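Take a look at the structure below.
The values are calculated or read from the model by the stated rules, or taken from the named source; none is laboratory data. Just so we're clear, the structure is a prediction, and the values are computed from it rather than from any experiment. Here the Cβ is made from the backbone with ideal geometry for all residues, glycine too, and neighbour counts use every protein chain on show. Heads up: the accessible areas ignore ligands, DNA and RNA and are worked out on the full protein's heavy atoms, side chains in. Shrake-Rupley method; radii C 1.70, N 1.55, O 1.52, S 1.80 Å.
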Amino acid sequence: METMKLTRKLQLIVDLPEGEEREEAFKNLYRWQNRAYRAANLIASHHYIQEMIQEFLYLSEKVQYKLVDGKKDELGIFKQSRNNTTYRLVSDRFKGEIPTDILSNLNRALLLSFNKEKTAYWKGERSLKNFKRDMAFPFAPDECIHGLHYNEEKKAFCFRLFKIPFRIYLGKDFTDKRKLLERAIAGETSIRTSHIKLKDGKIFWLAVFTIEKEKHQLKSMIIAEASLSLEYPIVAKVHRTRLTIGSREEFLYRRLAIQAARRRAQAGAKNSRSGHGTKRKLKAVESYREKERNYVHNRLHLYSRQLIDFCVKQQAGTLVLVNQGDKIGIAKKETFVLRNWSYYELMAKIKYKAEKAGIEVVVE
């Protein structure tokens, strides 16, 4: 059975009454975030040095090395396996300050990403990653999450993470988050390595679910063609059947209207009542910026969903996005188009939904 990973952002609330115990839980979370950020930068730096040591041409010619355990090879320069070097480094430095499970998963993830990108580092085409203080930190749910269940009294999903009790706030959620959690409790789906993100005093769980791909009666010989443009967000065609999704008036003009409202709010911000500095004065501006993001996000989700539903209805096993290279080139030259038409975001949503439906995507 083919599966895929699905990430959902869930807001967590520390399930403790106001007081010292709740404050201590928040202190622990922020301390773990800080240690994870410092450990990530250390791990990335050490992997880079290990990989680039052969480029240190100014070392003596007598220096011989192999990036392996010295016990297994006489030329080896490590006291343990290479994978374990950076883990030992950060676990010794931050011992007792952060759960070792976080460091273990962080080390594993960074080693995998480094191995994928090291060729670009060696060629000088990419700079080394720099992790920020507000980065999300990983953990393994199988080992760290205990007692995930639905509490009828609290009307919420509850669990314990590193001995801290949490409940999941879904609010007026109309997506599949509740269904995925129910399936996870029933053992019908599994939760993979996930992340905790702290932002603006809120806690978010970036949960990764393993789900089965949708089963549809698709035929590989039936090919759907789709064109993305500014005039019509998507124009799809299968044989003689044609579908136009969205319009310029619906997407672009609405977005420009929100931008105009934001500019008016910026102009009037100087007359706004202060009290908490810049944040209060620009409250209306930030509100319109958030409205624009939400509007674009919602429209692109709707357009990509309609396209995939059209392909499934026509039993198309392959979706070809035609002439996208030329259009992206034009968008890069035209500032107005690049600013107001989200080619890359729409393509990403189409590819994700196509993979879920079992449709192969080809970009020309």
Chymotrypsin sites (Phe, Trp or Tyr not before Pro) lying in DSSP loop within the range 11-57, provided at most 15 other Cβ fall within 10 Å: PHE56
Accessible area in square angstrom per residue, the range 98-140, 1.4 angstrom probe: 57 Å²
Whole-Hz couplings from phi, Karplus 6.51/-1.76/1.60, listed for the range 279-288; x for Gly and Pro: 4, 6, 4, 9, 4, 5, 4, 5, 4, 5
Per-residue SASA entry for PHE131, accessible area with 1.4 Å probe, Å² rounded to 10: 40 Å²
Approximate spin-label separation LYS132-ALA109, in nm, with each point projected 7 Å along Cα-to-Cβ: 1.6 nm
Distant-in-sequence amide H partners of PHE137 (H built 1.01 Å from N, under 5 Å): ILE196
Heavy atoms of ARG305: accessible area, 1.4 Å probe, square angstrom to 10: 80 Å²
Note, ³J(HN,Hα) from phi for the range 9-22, Karplus 6.51, -1.76, 1.60, rounded to Hz, x at Gly and Pro: 8, 10, 7, 10, 10, 5, 8, 9, x, 4, x, 5, 5, 5
Label-point separation, GLU21 to TYR48 (7 Å along Cα→Cβ), nm: 4.4 nm
For the range 177-257: relative contact order, % (alpha-carbon pairs under 8 angstrom, 6 or more apart): 15 percent
Whole-Hz ³J(HN,Hα) from phi, Karplus 6.51 cos²θ - 1.76 cosθ + 1.60, for the range 25-33, glycine and proline x: 5, 5, 4, 5, 4, 6, 5, 5, 4
Three-way shape label, the range 69-225, alpha-carbon gyration tensor, a/c 1.5: oblate
